[in-house]
Each structure stands twice: as C-alpha cells, then as structure tokens.
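Worksheet for the structure shown next.
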Amino acid sequence: MNQPENPTREYLAAPVKKVGAAAWLKDNLFNSWYNSLLTVLTLLALGYIVPPFFKWAFIDSLWNSSADACRDIEGACWSIVPQNIKFIILGFFPEGQEWRPILAMILLLALVIYSKEKSRWNKLLAWMWPVGLIIMGTLMYGGIFGMPVVETDQWSGLPLTMMLSFFGMVMAYPLGVLLALGRQSKMPAIKTLCVVYIEMIRGVPLISLLFMSSIMFPLFLPDGMTIDKVLRAQVAIILFTAAYIAEVVRGGLQAMPRGQYEAADSLGLTYSQTMRLIILPQALKIVIPPTVGILLSAFKDTSLVVIIALYDVLKTTKVTLQNPQWTGYSTEAYVFLAVLYFICCYAMSSYSRRLEKELHTGH
Amino acid sequence: GKDLDAVKKKGYIQAGVNGGVFGFGMPDEKGVWKGLDVDTARAVAAAIFGDADKVKYTPLTAQQRFTALQSGEIDLLTRNATRTLSRETQLGLNFVQVNYYDGQGFMVPKNLGVKSAKELDGATVCVLPGTTTEQNAADFFRTNNMKMNPVVIESTSELAKTFFAGRCDVITSDASQLAGTRAIAPKPSDYEILPELISKEPLAPAVRHGDDQFFDIVNFTVLALINAEELGITSKNVDEMLKSKNPVIQRFLGVTEGNGKALGLDEKWAYNVIKQVGNYGEVFERNVGVNTKLGLERGLNALWTDGGLMYAPPFK
Amino acid sequence: MTDTQPNKSSEPIIKIVGMHKWYGDFHVLSDINLEVQEGERIVICGPSGSGKSTMIRCINRLEEHQQGQIIVNGTELTNDIKNIETVRAEVGMVFQHFNLFPHLTILENLTLGQIWVRKTPKKQAEETAMMYLEKVKIAEQAKKFPGQLSGGQQQRVAIARSLCMAPEVMLFDEPTSALDPEMIKEVLDVMIDLAEEGMTMLVVTHEMGFAKSVADRVMFMDAGQIVEQNNPHDFFDNPQHERTKLFLSQIL
Amino acid sequence: MTDTQPNKSSEPIIKIVGMHKWYGDFHVLSDINLEVQEGERIVICGPSGSGKSTMIRCINRLEEHQQGQIIVNGTELTNDIKNIETVRAEVGMVFQHFNLFPHLTILENLTLGQIWVRKTPKKQAEETAMMYLEKVKIAEQAKKFPGQLSGGQQQRVAIARSLCMAPEVMLFDEPTSALDPEMIKEVLDVMIDLAEEGMTMLVVTHEMGFAKSVADRVMFMDAGQIVEQNNPHDFFDNPQHERTKLFLSQIL
Amino acid sequence: MSDNLPPSTEAPMPSKPPFWRDEEKRAIVFQVVALLVVGLVSYYLYSNTQANLERQSIATGFGFLDKEASFEIGESIIEYSAADTYLRALAVGALNTLKVSLIGVVLTIILGTLIGIARLSSNWLISRLSALYIEVMQNIPVLLQLFFWYAIFYEAFPPPRQALNPIDGVFLCNRGMIFGVPEAHAAHPVMGWVFLVVLIAGYFLNRWGHKRQDLTGQSFPALRITAAAAILLPGLVWLLYGAPTAMDIPALRGFNFQGGVTVSPEFSALLLGLVIYTSAFVAEIVRAGIQSVGKGQIEAAMAIGLRPGKVLQLVVLPQALRVIIPPLTSQMLNLTKNSSLAIAIGYADFVAVTNTMINQTGQAIEGVALIMLVFLFFSLSTSLFMNWYNKKMKLVER
Ligand SMILES: Nc1ncnc2c1ncn2[C@@H]1O[C@H](COP(=O)(O)OP(=O)(O)OP(=O)(O)O)[C@@H](O)[C@H]1O
Ligand SMILES: Nc1ncnc2c1ncn2[C@@H]1O[C@H](COP(=O)(O)OP(=O)(O)OP(=O)(O)O)[C@@H](O)[C@H]1O
Ligand SMILES: [Mg+2]
Ligand SMILES: [Mg+2]
C-alpha cells in the first residue's frame, strides 16, 4: 500500500543520543548501581589474573629452544611444542610418509568447509562424505599407488582423533536413525530392544565401554581371532555415539506433525517410503544443530582413548611429557592442546549456531 | 610350535610394550620406540629373522596386557611385568629370563629429614597405580604399624609434578622409576631414595603357554645378551670376535654350529642379536644407565661377577 | 431415515456396512451404513466432535475400524497391507491443514506419489503434475516451496496432489476451514470444477452454499451416528430431525 | 482536527500531551495529544504500522515514551517504578494473542494478579474470578488449562483476567484478529456488554461494525500521528481527510 | 448419544487376509526374528567367553569381593582401612562418586543458572565475559581442565609447614583445606535435634502462612522467622549446656595436620573441574529456557501489575523450567559419568577403586560389569525421577 505523503506529518530526529566512549560506558557498564559494582569487581579480578599470566606466557617465555635452555627461565617453555610437534600431531606415522595424514586432514577440512553452505546440501554432498572418508582411509592405510601400507596401530595423534570422531559420527548416524525409528516403533519387542540399548549405553561412562572393548572384547571372540585395537575403540565410540544420535533424532521425529504421516499414507506410500522420502529428510534437518553438538562431544571424548593406550593427541602429548627432558612442562603442553581443541570445537560450535539461526528463519 | 610358525609366517613379531615408561618402552619425539624392553623385543626379532627391525609394537595398559597375550593379539609381552607364581599358573603365561631386577622403594625430599621408610608414619604417599604398588605400600605400612594417606594418580608425569610441588611427603614406585623421577626434579639433589626396598620385582618378558620352542628362543635371546657381556662381546667387536679362538665364543657366535639348530634358528642368531642390539651391558647403559636421563646404577642388574644377579647358563 | 439415492444402480464405489469404531472405551462411530455411487457428491456436516473426520478417515484407513465392513471399489479394508495400499491409491484425501511436504517443491509434491506408488516415469509424472497445476490455476508456482505460497494456494496444491494419483474418490476434510474468507472462494471454485467433471466426492464442510449448489446428498452426523441424509433441497428446507433443525438454525 | 469530545467535563482519566516516541532513529509516534474521559469508548484504526499498538502500549508503559507526558488517573508515567505499578494496576490490557499463562488453570490465571498485586485473600479472589468468568460465559471451564480452550474462549478468559483487577481503563489491541469468524462474535459480544456497563475502553480494531455501534469516538492514525478523530457517525459518513477517505474506502 | 457397547457379534466382522500380508502377523514375525537374532548373537558371545575363560583358566565370579582389599584409599566417608574387604573398598569408591556428583550437581545448577542469567545481563562486560566463559569451558575437553585445576591446587598453595592460616582453625596448604570442628560434646546432638524440630515447625509455619495469605491476602514472613529460629534456638541450647567451646583444632603433627576436617585438593579439583565444565552447558540451557518464554507472557504479566521479581517467579520460571529440565537431566548425568575421570587426578572415585581392584585380582570382567552397573543405577534412578517430574510439569493441551 503506497501511502500518500501525510501533509500534517513532520518527522523529528530522535532526541540527541549520547555518543562517545563515556556514554557507551555509562549505557553498557554503569547503567545501575549493581551493574557498576559488578563491573568494578570484574575489572579487579581481571587485573589480578591477566597481567601475571601475560608475563608468564609472553614476556618470560621461550618459543623454540632446547629443553635445557628452558631450565633457566621463569616463564613458559613453549619450546616443548615445536620440538615435539611431529610426534604430538602425527605420532608413529612412518617418516617420509607424513604428507599422507596431512593431506587426509586437509581433505577433511576441505570437505567440512565445503559443506558449510546450506545451499550445497544435496545428494552429491551426501555421497561426497563417505567417498571422502574412504579416500582419507586409503591415504592413511596405503597399499595402492605405491604408498606403503601403514597399519592402523601406527595411526596416531591428530589424524587418529579426527578419524575416531568423524568415522564414528558417520557410522553412528545411520545406526542412530535406525534406533530412533525402532524406539518410535509400534512393535513392543523392537521398541524394548531399542530403549534398553539406548538407555544402557547412555547410562554408562564412555570409559567403561572403552574398557569393555579393550579388555573384554577379546574374550567374546572365538579362540585365535583378534580384531584391530583401533577398530575396537572405533566400534565402542560408534555404539556410544549412536545412542546419543538416536535420542536427538527421536526429538526430530517427534517434532514432525502427524499430518505429514497421514498425507504420505493417503498417497499410498509404504512405511519405508514415507520415512525415506517424507519424514527423515525433514526430521534430520531439524536436528542438525544438536547433531553437531554430538559431533563436538565425540571429538572431545576421543581424548578418553588414552585409557586404553591408543595414541591420540592427548596420549602423544603425555608420552612426550614422559621424556625426562620435557616432563616439567606439562602446563605448556596442555595449554597447547587446550587451544588446539578449542579451535576445532569453537569452529564447529559457532558453525552450528549459525546453522541454527539459518534454519530458524527459514520456513 | 604354532606361535613361532605364526610369527615366521607374518614376518614380524608383535610385541606388547608399556608405551609410557622412559628408558623401558616409549616412543621418542620421532615416534621411534626406545627402551630396555623394546631392545629385548628387537633382540628376539634379530634372533628369529636376523633383522632387529622386524618388530611391531602394541602399547598396552596394565589391565590389557595379559589378555592381549592370551588372545593372541601380541606374540611377546615385554612390558615390565613382574614374574609371579599366580601369573605363570593362573594366567597361562611363561616368563623367561629376567631382564631387569627391580624393587619398590620410596623417595623423599631431603629437607624432611627422613632417613628410613620406617619413619614415615602418617605420611602422604604418592602412588603410581601399578598392579601391586598400592598393595605393597599398604602392606609395608601395616606391618610397621604406620598410617598412610595415598594419592593415586594414573600418569607418571602428573604424579611426579604433584610430588615435586609438595602434595605428598613421599613417592613410592619401582626403584627404576624413582631414579627417573628424581632425574627430572627441578633440583635432583634435593631428593633422596630411601634404602629400603619393600618388594621384589623381577621384570621379565613373557610368552603364552603352548609353544615351548618359542619360549626357548625368547629365553635364550635374553640370556644371550647377558652371556655376551660375560664374554666381553659387544656390537663393536663382535666381528673381530668371530675370529676368536675361544671355543666358548665360537660356539656362542655360531662359528661352531649346533646352538642354532637346537633352537631351530639360523646359526648366526646370537651374532645377529649382538651385532644389531648389543650385549646386556650396552643395552642397559644405552637406555637406563648412568649416562642417560634415568641415571640408574647397575646394582642388582650387574653381572654376577660384579656382585649382581645377571648370570647366564653355558651356551652349549 | 430419508434415503434419496441418486438415480444410479451399479455396484456402489464405497460401501460401509454396520461399521463401529472405538477410541479406547469411547464409542466414536456407531453402526455407520453408507453407500456411495460413482460420481456422487456427498457433503457431511454436523457439530464438532460428532465423528465426521473419523468416518472419512476410516475410508482410507488412516483410522482402523473395529467392527463392520468398509468396501472401496470392491476391495475390503482389513489388516491386509495389499488391500490397504490398493484402496489408498484409489482414494485421494485433502486435509484441513493441507499437509504439503515442506521440504519438496510443489512439483515434487505432485510427482512423489506417481513415481513411488504408481511407478510412473518421472517425465510423464511431471507432465501430469503440470496439467493438474494448471487445472487449479497455479502452474506458475511449480518450482516454489509450499512455505512460499498462501494458504489458499497451498490447499489447491493439495487438491492437485491428490488428483495426480487419478483417484476414484476424493475425500475432503474441512478443506477450507483453515483459510481466510477470500481464499476460501479460490478453493471452493476448484472443488466445484471437480464436481462438474463427475468426480466422486465426500466433503466434510460447513460451507452450506457449496453444499446447496453441488451436493447430491447432504448427511448430518451427531454423536457418532448418521442422523439424517437427504438431497440438499429437502435437507435444508425441510429437515426431519430435531437435532438437525437445531444445528441448521445455528449455522445458517 | 475535528474534536468531538463527549459531553463530560471532569478531569480526563487519560491525558497524553505532546508525546513522542522513537525506536532507535525511527520516529514511531509524533506529537500525540489525547484526552479520554471516564466511561468513554474509543476505537482506534489505521493502516498497519501506523503506531496504534505502540500508542496504547505506551499507556501502560509496556513501551517507554521519550518526550511529552502521559497521565493516567492523575499519575504521570515516568521512570518511577511505583507510578508504573500504580498505573498498571489501574489499566487492563487485552492482547491480540491472549497471552494467557499456559502453566496455570483458567482460575489461577484470573486470581494471580488479585493475590499478588491486590493482596486479595485467595477465596475472595476466586469468587471474583468466578463472577467474571460467568460474565464472559465460561464459568464451567475454570479448572481447565488455557491449552484446552478454543481461541474465542481464551480471549474471553483474557478479558476476564483484566477485569478481575477492577481496572479503570481497558486497552484492547486487536483482540479479535487472531480468531475465527464465529469466535469473533463471542468476544465482541463480551466487549459490547462491557461497553454498556460504562467501562472506559480504548480499542484498536478493524471491526467497523463494533466501532459504529459502541464507540463514542473513532480515531484514525497514520504514520505515527492522529490524523482524524470524530464520533462514529461523522467519521464514517463524512471523513475529513483524504487519507481517512482512502482508508475507509479500502476496508468498508 | 450412541450406546457404549462392546463389539457385538451380529455385525459382519472384517474378513481375514493371508498371514503374510497381515500387518499384525507380519509385525509378530519381524519381532520374533529380531529377538532371535539378538538372542543368538548374545549366546554366541557368551559361549565364546565361557570357552575362553575356561581355556585361559580365568576364575570368574564375585567371590573375591569378601577378600581383604589390602590397599589404602585416600579419602572416605565411611571408616575404611586396608584390612577391610573389597566390597567395602568399592562402597567407599561408590560413596566418593556419589559425594562429588551430588555436591557437583547442586553447585553446577547454581553456577550455571547464574552464568546463564549473566549471559542475558544488560552489563556489557558481564554478558561478554559469560559468553567467553561458556565458549571456552564448553570447547576444551574436561580431562584437560581437570589437570589444570589440580595443578592450581597443588602449585598455588604452600606445603603444610608454611600453611596459610586465614582464620583461626582454618589452614590452607597443598594438602587441602583443613579446618577445625567443635569437639564432640553432649550439647551437639541436642542442638541438632532442636535444629531439625525448628525446620519441621518452619515447614508448617510456612504452610500456615500460605493459608493465611489465601484467607486474608496478607503474606507472612515464615521463612525469615524460621531462619532466625534455626540459628537462635540451637544457640540457646548451646548456652544452656554451658557454652562448650572446645574445638578439634587441626595441628601439624609429623607430616600432616591431625584432627579437624580435610577437604583434599583432589576432591576440590575434580569438583571444580566438573562444575565449571558442566555449568557452561547448563548456562546455555538456562538461557535458552528463559528465552523460550514468549515476550507476550512477560508483557501480560507486567500488564496485570506484577513486579519484575514476581514476573520471574510466577510466570517466567515455571514455564522456562519445562524447557530446561530434560536437557538439564542429561547434563547432570554427564557430570556423574565424567566424574569417572577422577583417576587422572588422584581422587578415589568408584572407577579408580575398581581399577585398583582389577589390577590386584585380575577380575576385569567383574570390575567393568560393576562399573557399568553402578553408573546405570545412578543414571536410571536420576532419569526416572526426572521423567516423573517432567510429566508433572507438562502443559495440558488440547
Ligand atoms: N486419537 C483419538 N483418541 C481419542 N479420541 C479421539 C481421537 N481422535 C478423535 N477423538 C474423539 O473422537 C470424536 C470424534 O472426532 P472427530 O475428529 O471425528 O470429530 P469431527 O466431527 O471431525 O469434529 P470437528 O468438526 O471438530 O473436526 C471427538 O469426540 C474426539 O474427541
Ligand atoms: N521494537 C521495535 N523496534 C523498532 N521498530 C518497531 C518496534 N516495534 C514496532 N516498530 C515499528 O513501529 C511502527 C509502528 O508499529 P505498531 O505495532 O505500533 O503498528 P500498528 O499500527 O499496531 O500496526 P498493526 O496494525 O500491523 O498492528 C511499525 O513501523 C513497526 O515496524
Ligand atoms: Mg474434524
Ligand atoms: Mg498492532
């Protein structure tokens, strides 16, 4: 509706808004007495913590030196990281082959970045992920194109962490969806099985499952049959993650209005068609943000595989610290790890938040 | 035997190692495995394949190690495991010749003024959860009518830091570890290891029941290391020693044939072991000896001729 | 009960005999008997909760009945999955809230059933779809998503979606009651077109103008029973039952 | 501006003088002047975005004005929390989307304000509540939760909730525009009853029938200003401003 | 009204389809097959395990539980010494887990709520810092955080001989916080009983106050009166008993402080780590919960004249809680499960104790099974309670 200009209407500028730093401070930090108090207390606390930390981390620190040089300084000995970076990041991967895990990680990163745009979510992408992961696996394992075979027990460090979490996620996803469908099922036996599974797994700590996979699993198998250690941990992570995904997906399924099922039924679609074509595409989209949340915890939780002596980044760091030369600098090493984890997780979580917003404003 | 055949078929030995004990079994900053236990496994590979590098390592936790051996995941366990009766019988393992005599001890800061473990009543004790460390410590305090406050932390480096920060009055662990821990102290001379050893910890490699031939090979490989030291054969002089007129040395190095055949190995097996890994003395000095960060004395691990316990039977 | 069947004699396309339905202990539908001839147009009205929706939902087995028979085009509705699928493919349904699939374009909404149920080649399915979209006068919206259409347009798409399956019978459950007054007309127009082409239709609605102009028969339901049915003229001008009279007095 | 105050002379119950309001830089309300006498019934209309809602929300300080004065029953609205509470307790507000508290029963919705603001004993509060529920004709729903009522019923509860506080003035912000046609009537009936009892009312609505039959004065707003106000008769039959004429031609 | 008859036999019944096309029968077959597969796989694994255990002559069973544990545990709520049984050792571990989880849950909810609200604060600094806190704490593995807090506790405090003594009877050192408690005296149980009685009386007083408010509209300061009585009356008892002031003051004897009560650095670090990590998640949950309550609700509440505090108490929180409770439950469970990382920083939780037990006895299967059982018990009982509560809180809708 195009309104004719109202003759009586005179637009006034808004009353002068206070601008400048002082006004900003007043508006944002000192707008009431308790806010002022909070501000002052917070600033005091920051003043107490930040300068000494800054001095330790940046002023009195050494960044790339021998371990002996670090003995004489007050500050941080960051040298532990560059001096051991190959082992911390790549672990046992044979010398001369380092490009392979690095390339695999870059590939993964590229895939993640490519998947960022919502507009690129289509069938192609759905295929790119498994194919990409297979390529990564091949790169790591080798055996073709003249790449020497690198057994899984030499996979370690960051690639192991990434593999355990991403493979874990990709494999756990379909399992989780099946479990969620099972839990929604009208068949009591199926439903009970799924509920029991989900609640059992969610009820116990991941480390007890890892214990299981490492100590007890060999006992489950017939004599002489062994299964790769990494694979066992991977299976434990998949089983664990699947239970969590199942619960998230169930939330999505429950959010689907009954009308969608009815419309699909009245078109004559079968149960599997209804799920595949109508319900899951919508339900899974709704739950993308919490799913990313699970990926995040899976990523953080892989650090628990130290408990069964797999060499993820945390374990490689710990081993580095076992070396008497470096034992004293665990704080620095752990800070490095914390930053590493933080960067990865923060990237994922801020992405998931953006996604949540985008999906929210969409229909 | 079946285990030996399987190993030969694979072309390498799968060895279970600790993975986190400096000087015994741990990867260095390049990811290469180093340590006394690692060298033991390498010696076995040298004996069987003539190539010490034909080993793959599986790092194991204390809980995993015996199951891993039983289930066939590994062929050989060289993970500072204490030889005990129940393990040999109930767990179905055979321990071979001991490659390190250890014992549980205590270390205290000198300024506490404690001279004997018997003076530790009421102390806070940092304990590394080994398999029996906690039990040994508790037993010792109980027999001496003392009270203890344990602080049990899983990782050596964390535990060491905790101890140096003064969280505990005393730290207990195998003596070999204590020496290493002291070495990394901000000021090693501030700490001293108390004289008492409260337990016997003969650390030995182990194999499964059921393949005596493989057991013999591993056993005699360890003994060969000791024997070589007794005979004065080192990796440097082993080639010259081949020309030695001493019949004992000739037999040992396979110049005079017989030993190899008896074990089902190449006659050059001992030569390969010494050439590629060195004798026990070399292995010890290289990994844990006084010139390493651990700085351990030979002590009980010296040859019997030097007052230690290392003693090899005749190789004939 | 005044029964005014239209002058057709063949086997009825829908036949309901002594049908009962319970929700738990609650007896929603009681002794429903109904015959619908091919091409007949039936309007069902009645107070809220009287079981109108439940009845037509039984016809394509969105609800299960516990007693009696429902026979659609010769196929009886039982637990037999095969039969249910046959019936559903022959009966189209239009819901009050449209229930379009929001993640698919309009065109995909229309081709889905054809491709997966009828196994029609995609190209042909799209042609059919476009034909029906033109019929409901929104062919130009084919590439849009349901969320981008107005309610009236969405309901027309929903009708087209059902039509694409070339059903023998169309069921409408209050198709206009979620719409604004101006959109109601759009949808009713489409339905009148359909009626004129001879489609068999069962329509739950309170649009009495529609009932008067197109229905062959108007049915009044109350408390799970069919109270009265008659041709629209007699139904509105001369209702027999007290209940019907009361109801009509309220809504007209 | 044509000003047709009703023939009352006492101090006005609402007095707005030269009031301006900005959202950031956007000048939503410009120089609003308004006097409302006790018992007066004012209908406010105008195109979307013209500031109708904003204006009445200023009256009970759901929005803050930046310039000018708003005096309600002798209390001026300033930052003073005490004044704001006084005013809010005297001014009832009915929202377009009812905003009932879904976690409380209907009865609890009605007694909440009485108990916590007016400190009325619970029993008495309940009696008052039941009285008003009867007035809006849904006393039998008292124990239900809002989610169990229809939209029209919910809006009637919302009106009753305001009335329970015995306000001097009732503000209605498009109280019927979220409702189905049949429910609109229910709610308008209640409002007409109120008007007949002499309640002071400011109603934002586009129900012109309502305006004609109950309003003492109809106000037309555009672009944040009161363009024209008059008694309903003159307003509808003889609008003065071009803008008003255009608007009326579109909605009538 | 239609008659409410059960299905009669007169009307024609629907005819029966062949069983392979019958939905119901298909479902039964499908379920039987699924159960069979699960059963068979379980049996297969079970028989393998049996065979393996036999072959490796591993003893199974829980008989070892009443053998002497012969190891010490750092801290314990109940009496324990190395001479006690494994069962008791495990109980000590389970209680320690319970202790850190319960206290952790309470603190986490408090801290998380505060930070969640701070995140919504109008103070720029506060809301930014809360956002930073949430980001950092959520995105670093909790294990690393535990190392960090533990290091602070043992590095930042002096050894016992130079212990800080901020208030009389309270010592801070790297052995923890040690504080004095009153020496046992006949007055104490009496004071306890009086306190309890006051609490019970307070409860009824509060109910009476509500009733009075219902009747007269006047509120009654029952809480304040109860609080005052809870302090004053036991104090009076104490005076009547002659005001015994003897304290069990910790004193440095030998290596450590003797007497008093000690809060160990391990416990503090674990508690702090878990609370800080989990509270970041809780903060987000609380924020989302509060934001989920529509603006209209707040406006409506203000429009009937409720004060901001009451708006929060009567309208916002009851609605926000419904959104908050389910994810909060999982966070509480996560906290409990994460307490199993205690072993990394030397707190003797259930997993740590079980680990030692496994090491000593080699009963790995039983040990892992026990861990799982105990945690399942914690989890399921929490879930049950929370589900019950959630159902109670659910909105009634059409
Ligand atoms: N799933 C169900 N479980 C229990 N009762 C139900 C269920 N669905 C509907 N009902 C009840 O069955 C009765 C008939 O419902 P139905 O939806 O068929 O009525 P209707 O005539 O379509 O009413 P409306 O005009 O409101 O749509 C109602 O009383 C309703 O409450
Ligand atoms: N919180 C806000 N911030 C900025 N602009 C706002 C805000 N609320 C409303 N507005 C703007 O102020 C103007 C007046 O809004 P208001 O809601 O008062 O209009 P209205 O006359 O009630 O319209 P409608 O008939 O659509 O309800 C509109 O242009 C609107 O976009
Ligand atoms: Mg209906
Ligand atoms: Mg408005």
For the range C:97-252, what proportion of DSSP beta bridges, expressed in % and rounded to the nearest 5, is antiparallel?
-> 50 percent
With a 1.4 Å probe on protein heavy atoms only, work out how much accessible surface B and E bury together, total over both chains, in Å² to the nearest 100.
-> 2800 Å²
Measuring from its Cα centre, the range B:38-187 shows a charge dipole (+1 at each Lys and Arg Cβ, -1 at each Asp and Glu Cβ) which, in debye to the nearest 20, is 380 debye
Work out the length of the dipole vector of the protein assembly as shown about its Cα centre, built from +1 on the beta-carbon of each Lys and Arg and -1 on the beta-carbon of each Asp and Glu, and round it to the nearest 20 debye.
-> 2480 debye
Which is the longest part of chain E that has none of the GluC sites (Glu not before Pro) sitting in a DSSP loop with at most 12 other Cβ atoms within 10 Å?
-> E:80-396
Among E:Leu328, E:Leu270, E:Leu233, whose mean-square fluctuation peaks in a Gaussian network model of chain E (Cα, cutoff 10 Å)?
-> E:Leu233
Counting only protein heavy atoms and rolling a 1.4 Å probe, one gets per residue an accessible area for chain E in Å² of 51 Å²
Quantify, in whole percent, the carbon and sulfur part of the accessible surface of the range C:115-252 (1.4 Å probe; protein heavy atoms only).
-> 49 percent
Summing +1 per Lys or Arg and -1 per Asp or Glu among the other residues with Cβ less than 15 Å from E:Met247's Cβ gives -3
Quantify how strongly other chains surround peptide B:122-129 by giving the mean number of their Cβ atoms within 10 Å of each of its Cβ atoms.
-> 4
B:Phe315: net charge of surrounding residues, Cβ under 12 Å, Lys/Arg +1, Asp/Glu -1, itself excluded?
-> +1
Where a ≥ b ≥ c are the square roots of the eigenvalues of the C-alpha gyration tensor, would you call the range A:70-154 rounded, which needs a/c under 1.5, or, failing that, prolate if a/b is larger than b/c, or oblate?
-> oblate
With springs only between Cα atoms under 10 Å apart, run a GNM on chain C and tell me which of C:Met183, C:Met201, C:Met55 wobbles the most.
-> C:Met183
In Å², rounded to the nearest 100, what is the total accessible surface buried by chains A and E against each other with a 1.4 Å probe?
-> 4200 Å²
Charge tally for neighbours of A:Val230 with beta carbon under 11 Å away, counting Lys, Arg as +1 and Asp, Glu as -1, is -2
Quick note, the protein assembly as shown: a/c under 1.5 would make it rounded; otherwise a/b > b/c is prolate and the rest oblate (a ≥ b ≥ c, C-alpha gyration tensor); here it is prolate
Hey, how many Å between the Cα centroid of the range C:99-172 and the Cα centroid of the range C:181-249?
-> 26 Å
Carbon/sulfur fraction of accessible area - the range B:71-156, other protein chains in place, 1.4 Å, % = 47 percent
Options D:Ile138, E:Leu306, A:Cys70, ranked by Cα towards positive dipole end of the protein assembly as shown, top entry (Cβ charges) | A:Cys70
Where a ≥ b ≥ c are the square roots of the eigenvalues of the C-alpha gyration tensor, would you call the range D:11-102 rounded, which needs a/c under 1.5, or, failing that, prolate if a/b is larger than b/c, or oblate?
-> rounded
To the nearest 20 debye, what is the magnitude of the charge dipole of the range B:1-103 about its Cα centre, counting +1 on the Cβ of each Lys and Arg and -1 on the Cβ of each Asp and Glu?
-> 200 debye
Note, the range E:109-126: 3J(HN,Hα) by Karplus (6.51, -1.76, 1.60, θ = phi - 60°), whole Hz, Gly/Pro = x, goes 5, 5, 4, x, 5, 4, 5, x, 6, 4, 4, 9, 5, 7, 6, 4, 4, 4
Would you kindly derive the ³J(HN,Hα) couplings of the range C:62-79 from the backbone phi angles with the Karplus curve 6.51 cos²θ - 1.76 cosθ + 1.60 (θ = phi - 60°), listing them in order in whole Hz, with x for Gly and Pro?
-> 6, 10, 9, 9, 9, 8, x, 10, 10, 10, 10, 6, x, 9, 8, 7, 10, 5
Packing rank of B:69-80, E:98-109, D:70-81, B:200-211, where each peptide gets the mean count of other beta carbons within 10 Å, highest leading = B:69-80, B:200-211, E:98-109, D:70-81
Folded to 0 to 90 degrees: helix D:122-135 orientation relative to chain D principal axis, Cα | 60 degrees
Table column - 3J(HN,Hα) (Hz), the range D:207-223, Karplus curve with 6.51, -1.76, 1.60, x for Gly and Pro | 7, 5, x, 4, 4, 4, 7, 10, 5, 7, 8, 10, 10, 10, 10, 8, 6
Accessible area of chain A divided out per residue, in Å², using a probe of 1.4 angstrom = 47 Å²
Check every DSSP H run in chain A and write down those whose alpha carbon atoms cover 30 angstrom or more along the long axis and whose mean Kyte-Doolittle hydropathy is -0.5 or greater.
-> A:33-54, A:157-184, A:229-255, A:330-361
Using a 1.4 Å probe over the heavy atoms of the protein chains, calculate the carbon and sulfur portion of the accessible area of chain A as a whole percent.
-> 69 percent
So, in Å, what gap is there between the alpha-carbon centers of the range B:3-74 and the range C:27-87?
-> 74 Å
Shielding of E:118-125 by partner chains, average beta-carbon count, 10 Å | 5
Dipole of the range A:158-244, positive direction: furthest Cα of A:Met216, A:Leu206, A:Leu179, with charges on the beta-carbon = A:Leu179
Residues whose placed amide H lies under 5 Å from that of D:Met221, excluding near-sequence neighbours | D:Cys45, D:Gly46, D:Val227
Within 10 Å of each Cβ in E:336-349, the average number of Cβ atoms from other chains = 5
What accessible area per residue, rounded to a whole number of Å², is obtained for the range B:224-316 using a probe radius of 1.4 Å?
-> 48 Å²
DSSP beta bridges in chain B, what fraction antiparallel, as a percent rounded to 5?
-> 55 percent
Computed over chain C: relative contact order in percent, which uses C-alpha pairs under 8 Å that are six or more apart | 27 percent
Show the residues, 5+ positions off or on another chain, whose built amide H is closer than 5 Å to the amide H of C:Gln67.
-> C:His20
Could you list which residues have their amide H under 5 Å from that of C:Thr78, counting only those 5 or more apart in sequence or on another chain, with H placed in the peptide plane?
-> C:Ile84
Of all DSSP beta bridges located in the protein assembly as shown, what percent are antiparallel, nearest 5?
-> 60 percent
Whole-Å distance linking the alpha carbon centroid of the range A:250-293 with that of the range E:285-321 is 33 Å
Interface area, B with A, accessible, probe 1.4 Å, both sides summed, Å² nearest 100 = 2800 Å²
Theoretical ellipticity at 222 nm over the protein assembly as shown - DSSP helices of four or more residues, -39500 (n - 2.57) apiece, nearest 500 = -16000 deg cm²/dmol
Positive-end residue, the range B:128-283 charge dipole about Cα centroid, Cβ charges, pick of B:Ile198, B:Asn219, B:Leu231 = B:Leu231
What order do you get for D:112-119, E:203-210 when each peptide is scored by the mean count of other beta carbon atoms within 10 Å, highest first?
-> D:112-119, E:203-210
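The values are calculated or read from the model by the stated rules, or taken from the named source; none is laboratory data. All of these numbers come straight from a predicted model, not from anything done at the bench. Ideal geometry is used to build each Cβ from the backbone, glycine not excepted, and the neighbour counts take in all protein chains shown. Just so you know, the surface numbers come from the protein's heavy atoms only, side chains and all, with ligands and any DNA or RNA stripped out. Shrake-Rupley method; radii C 1.70, N 1.55, O 1.52, S 1.80 Å.
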